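Heads up, the thing below is written out as structure tokens.
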Amino acid sequence: MSVTIHDLRAYKAAGKRFVMLTAYDFPTAQILDQAGVPVLLVGDSLAQGALGYESTLPVTMEEMLHHTRAVARGARNALVVGDMPFLSYQTSLEEGIRNAGRFLKEGGAHAVKIEGPQVELTHKLVDLGIPVMAHVGLTPQSVHELGGYKVQGRGETAARIQDQAHALEKAGAFAIVLEAVPAELGADITGNLQIPTIGIGAGPGCDAQVLVINDLLGLTEKPPKLAKAYANLRRAIADAVRAFAEDVENGTFPDEGHSYH
């Protein structure tokens, strides 16, 4: 049975922690879905993780929709969330509504994620039947304004992030990502919201945790501090390629078992 936004709220009510992972293509989505991952985020981290951009800022709506369609084809049970890219919603309310709708209509997503305190847009989208996952703390699309990828919510700014989280819950967001905030703040926000919090560098007190799939699998050359590699596929892939090349050079591939007659 497919996971819905209501299931996530039920997980929180039951004290059941869960995970969200990014996915950018069909085979990855299929593997994660079959492994039981309940939420797949087609993150704008696609920019660095699959397209080679230096930040999330250049990735376009068309690129995001292209990859969202691929993920949606691979996910049979998971909730698929499309990440709205930079300038797809900041220019006007109407533009935000149109692009959010495209994620569901053209991309096959079940919901969208929006960075920052977009309270009015969140409220309007929910009214129109488009589920919204909010995102506060470190918001990478605002990297230049923030002065880099720095921890947010220390000192006086903690209250501001608290207020943003409450306002977004009130606007109808079904979940909220807390990125790169002190663990104490993450736990405090989690305890004061009815909707689930999904942490990334926000401590163990959140209801769920998300990682970029490239970081989890050890594909990222220099992963951030908040990420943990559970495999080293970068090395495994390089080893496999070298073994293949050696077999070809030695004439042992293709052998009889891999040839047609």
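Residues in the range 142-180 that are in a helix (DSSP H, G or I), at pLDDT 95 or above and either touching an Asp or Glu at 6+ places or on another chain (Cβ under 6 Å) or within 30 Å of VAL3 (Cβ to Cβ) (or both): ILE161, GLN162, ASP163, GLN164, ALA165, HIS166, ALA167, LEU168, GLU169, LYS170, ALA171. Just so you know, in the range 113-170 the residues that are closer than 19 Å to LEU185 by Cβ and acidic (Asp, Glu) include one that is surrounded by the most Cβ atoms within 10 Å (Cβ to Cβ), and it is GLU115.
Filtered by the rule that a residue be out of contact with any Ser or Thr (no Cβ under 7 Å at 6 or more places or on another chain) and farther than 24 Å from ALA35 by Cβ, the range 75-94 gives MET84, LEU87, SER88, TYR89, GLN90, THR91, SER92, LEU93, GLU94. Checking each residue of the range 91-108 against the condition of being polar (S, T, N, Q), free of Cβ contacts under 8 Å to residues at least 24 places away in the same chain and not in a strand (DSSP E or B) gives at least one match.
Here's the yes/no breakdown for (1) out of contact with any strand residue (DSSP E or B) (no Cβ under 9 Å at 6 or more places or on another chain); (2) under 25 Å from LEU193 (Cβ atoms):
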position	(1), (2)
ILE5	no, yes
ALA14	yes, yes
ALA47	yes, no
HIS66	yes, no
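Within the range 187-211, residues that are in contact (Cβ under 8 Å) with a residue 40 or more places away in the chain have Cβ atoms under 7 Å from residues that are basic (Lys, Arg) in these pairs: ILE195/ARG9; PRO196/ARG9; PRO196/LYS12; ASP207/LYS12; ASP207/ARG17; ALA208/ARG17, counting only partners at least 6 apart in sequence or on another chain. Condition first: modelled with pLDDT of 95 or more, assigned to a helix (DSSP H, G or I), in the same structural domain as PRO140 (by TED's automatic domain parsing) and over 23 Å from LEU138 (Cα atoms). Can you find one or more residues in the range 111-121 that meet it? Within the range 111-121 (the criterion being modelled with pLDDT of 95 or more, assigned to a helix (DSSP H, G or I), in the same structural domain as PRO140 (by TED's automatic domain parsing) and over 23 Å from LEU138 (Cα atoms)), the answer is no, since none of the residues qualifies.
Condition check ((1) more than 19 Å from THR22 (Cβ to Cβ); (2) among the hydrophobic types (A, V, I, L, M, F, W, C)) across all residues:
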| position | (1), (2) |
| --- | --- |
| ALA109 | no, yes |
| ILE114 | no, yes |
| HIS135 | no, no |
| PRO140 | no, no |
| GLY147 | yes, no |
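Give the residue that is surrounded by the most Cβ atoms within 10 Å (Cβ to Cβ), with candidates limited to residues of the range 3-59 that are among the small types (Gly, Ala, Ser) and part of a helix (DSSP H, G or I). It comes out as ALA29.
The values are calculated or read from the model by the stated rules, or taken from the named source; none is laboratory data. On a predicted model such as this, the values are computed, not experimentally measured, just so you know. For neighbour counting, all protein chains shown are included, and Cβ atoms are generated from backbone atoms with ideal geometry for every residue, glycine included.
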